[in-house]
Structure formats: C-alpha cells, structure tokens
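The structure under discussion appears below in the form of structure tokens.
The values are calculated or read from the model by the stated rules, or taken from the named source; none is laboratory data. For clarity, every value in this text was computed on a predicted model and none was experimentally measured. Positions of Cβ are generated from backbone atoms using ideal geometry, with glycine treated the same way; all protein chains shown enter the neighbour counts. Keep in mind that these areas ignore ligands, DNA and RNA; they rest on the heavy atoms of the full protein, side chains included. Shrake-Rupley method; radii C 1.70, N 1.55, O 1.52, S 1.80 Å.
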Amino acid sequence: MESTVADNAGAPEDARWMRLALRLARRSWGRTSPNPMVGAVVVRDGLEAGRGRHRVAGGPHAEPAALAAAGDLARGATLYVTLEPCSTHGRTPPCTEAILAAGIRRVVIGGLDPNPKHAGRGAELLRRNGIEVRVGVLQAACERLNEAFFHWIVTGRPFVILKMAMTLDGKIATASGASRWITGEQARRDVQRLRQWADAIMVGAETVRRDDPELTVRTPRNWPRQPRKLVWSRRGALPRNYRIWQDPGNPPEFVTLRHSAAWLDFLGSLGSQDVTALLLEGGGELAGAALRAGAVNEIVFYVAPKILGGRGSRPVVGGPDPDTLAAALVLRDVTVKRLGDDLRVCGYVPN
C-alpha cells in the first residue's frame, strides 16, 4: 500500500514501534472477538510515552488506552496503531475523536479497516484535521493477526481452520480408532492456542465416540471464553455420557451438512451470531466434507515422525477417491515450523 506521507523519513523507526504495537496486540490473543486485536503506542521525541491494547470486546480500544497512559505527553507526539482508528460510534466513542482531542501530530497505521464502507475514513478524517498519516507499516503482519476478523467483516462468515494431527504416512488413527497421542507435548500446546483463537470448534460424531473430547481450552485453566461446541453428525444428537455434555452452560450443537450450499448457509448463520473463527478438529470424513464444500480457508496439520502403515489405518482426509493427481488441492503460502519432534504445516486453501 502506498504511503500517505510524501517521503519515507523515519521508516526504520516506524517499523520498530509498529513491532511493539503488534506485540501488544498479540497479548489479547483470543480475548477480543468479535472485535479485532489492536495495539497502540504513543511516541514522543523518540521515547515511548504510553501504550495500550484492546483487551476485551466492549472494553476501551487500544488508542484511547495508549493516549490515557501518555497523558500530556501525547500532545505533538506520534501514535502507532496496528489497525486504522475507528471513526464511528459503536460500544465506545470513535477513536479519531480521542486522537484529535489529545493533540497527536502524526499517526502511523498498520492496516486499514477491512469494511469497504469504512476503509480509509478514519485516516482521511485525521488527515483533514491536519494530522500527518502514514498507512501500511508492517501491513501484512498486522492484517494476518486479524485475518479471521477481516474475513468475517468482508464475507459475513467465520474464517475456518482445519486442524489435524497425523503420522508421516498421513494416518490419524489405527484401524481400531486408537489415536492418542500421535503428536508430542509441544504440538498439543500449540493446539490449545488455536482453541483460544476459536469462537467455535467442530468435530465429527465419530471423533466424539472414539476420543470423547471435551472440546475446551485447557491451558490456561482459567480461560474466560470457551468456544462453542459443534458436532457434525449424520444421525443427530449423541448420548449424554460423553464429556462434551459436561458444561450445561455450553452444550454441544449437532449439525448435518450434506452439500456445499448447506455448509455456506451454516457458516453464514454462524457469522450472523458473531462467530468469526471456526476450528475444525477432525476426523477424516469431516475434513474431506469441509474441503469438498469449499468451507476451509486454512489448514494446520501437525505431522509426527511416525509411520503407522496398514491399509485399514484411517487417513487424514476421507471422502471419495480422486481419479487423477490433477484433482489434488494445492495450498498457497505454505509455512513449516518445528515443534519438538513434530512439524506444523500451514497453508491457505485457494479461493
């Protein structure tokens, strides 16, 4: 994105302070939905004067928090913020009003508001009031942090991650259904972070029968926002002896989605209920159905250095057999990270 400043003076310093704002935003991981994670820093004469972050939906935004921390030092200072300041009334007053009242001289923005009706309005309002504005500093990182929010705002549907744990030969369980534990402790801790991110988790009914999962965030123990529990089932509700029923305040919801249109309608319904992030956790038949329906935005596969073998062992993605290699789904922007002995492979599903 083209800068709104005439030159690139201060560009290295801008990146430095934006990195701090991003670190602040990440501290709110999983706590702000359906709002974005946002961090802000006030800098005066090359020194930090105040910092803030959006901590919880409905609470103060990052910009007013940083400005309050800076106090009188905000006058004539630069404000760094990971997302364009809001310019309309919501649960809180517009952040642009607070910025103007504080006497900020310059605002550096990571990414613009994803809503086409609002994108650029906040920046333009500040500019019209004599504030120097620069947009697009560490833009990719700022937008990636809130990709679920961006997707939800633009499409009205949650961003969907398909997470699976598999052996090196693509198996998720033995022929009898045994699957604990394929991956190691570091990978399982990483999954807990995905659950923190998710507004809802979906598994197949067979996964519930086989593994009896709770579908909760277990780390940390006092996590304040447990995800909704969704079970993909062709035969309706499951008996109440499974652990998904343990929390009467968050009972499981059973859905039957047989074709692409049903999936898209269901995702639209979730989006209308402020579900911005959906995590699919298996099994293989659910993975295959969701991929065939075009419901998945990103895959996160944890691969253990184990070879299970066996024709009856269960594959990571089920469904009909393809006729040719040309039918393979080719991911984009693939990344690989080592977690102990395991590998985490992430990639985006083409639109």
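Descriptive notes on the structure:
- So residue 43, is it under 17 Å from residue 137 (Cβ atoms), buried (at least 19 other Cβ atoms within 10 Å of the Cβ) and free of Cβ contacts under 8 Å to residues at least 60 places away in the same chain: yes
- Test result for residue 180, free of Cβ contacts under 8 Å to residues at least 40 places away in the same chain, among the charged types (D, E, K, R) and closer than 27 Å to residue 57 by Cβ: no
- Subset of segment 274-290 that is of a type in the set (Asp, Glu) and part of a loop (DSSP other than H, G, I, E, B) - its residue that is most open to solvent (accessible area, probe 1.4 Å): 274
- The number of residues in segment 92-127 being surrounded by fewer than 22 Cβ atoms within 10 Å (Cβ to Cβ), more than 25 Å from the chain's Cα centre (by Cα) and under 15 Å from residue 61 (Cβ atoms) comes to 4.
- Filtering segment 113-160 to residues that are part of a loop (DSSP other than H, G, I, E, B), of a type in the set (A, V, I, L, M), modelled with pLDDT of 95 or more and on the phi < 0 side of the Ramachandran plot leaves 131, 137.
- Selection of segment 30-72 for residues being of a type in the set (A, V, I, L, M) and farther than 19 Å from residue 197 by Cβ yields 40, 41, 42, 43, 47, 49, 65, 66, 67, 68, 69, 70.
- Hits in segment 46-91 - residues which are of a type in the set (D, E, K, R) and assigned to a helix (DSSP H, G or I): 63, 72
- Output for segment 226-250, where each listed residue is open to solvent by less than 60 Å² (accessible area, probe 1.4 Å) and either basic (Lys, Arg) or within 24 Å of residue 32 (Cα to Cα) (or both): 227, 228, 229, 230, 250
- Restricting attention to segment 92-112, the residues that are closer than 17 Å to residue 35 by Cα and outside any helix (DSSP H, G or I) total 6.
- Positions within segment 165-196 being open to solvent by 20 Å² or more (accessible area, probe 1.4 Å), farther than 16 Å from residue 337 by Cβ and in a helix (DSSP H, G or I), in sequence order: 196
- The number of residues in segment 337-351 being part of a strand (DSSP E or B), under 18 Å from the mean Cα position of the chain (by Cα) and of a type in the set (A, V, I, L, M, F, W, C) comes to 2.
- Qualifying residue in segment 92-109 (condition: in contact with a strand residue (DSSP E or B) (Cβ under 7 Å, 6 or more places away or on another chain), hydroxyl-bearing (Ser, Thr, Tyr) and in contact (Cβ under 8 Å) with a residue 24 or more places away in the chain): no
- Residues that are in a helix (DSSP H, G or I) and either in contact with a Phe, Trp or Tyr (Cβ under 7 Å, 6 or more places away or on another chain) or under 20 Å from residue 187 (Cα atoms) (or both), drawn from segment 291-323: none
- Every residue from segment 247-270 that is small (Gly, Ala, Ser) and either in contact with a helix residue (DSSP H, G or I) (Cβ under 6 Å, 6 or more places away or on another chain) or not in a helix (DSSP H, G or I) (or both): 249
- Among the residues making up segment 128-151, those that are over 16 Å from residue 115 (Cα atoms), surrounded by fewer than 19 Cβ atoms within 10 Å (Cβ to Cβ) and among the charged types (D, E, K, R) are 128, 132.
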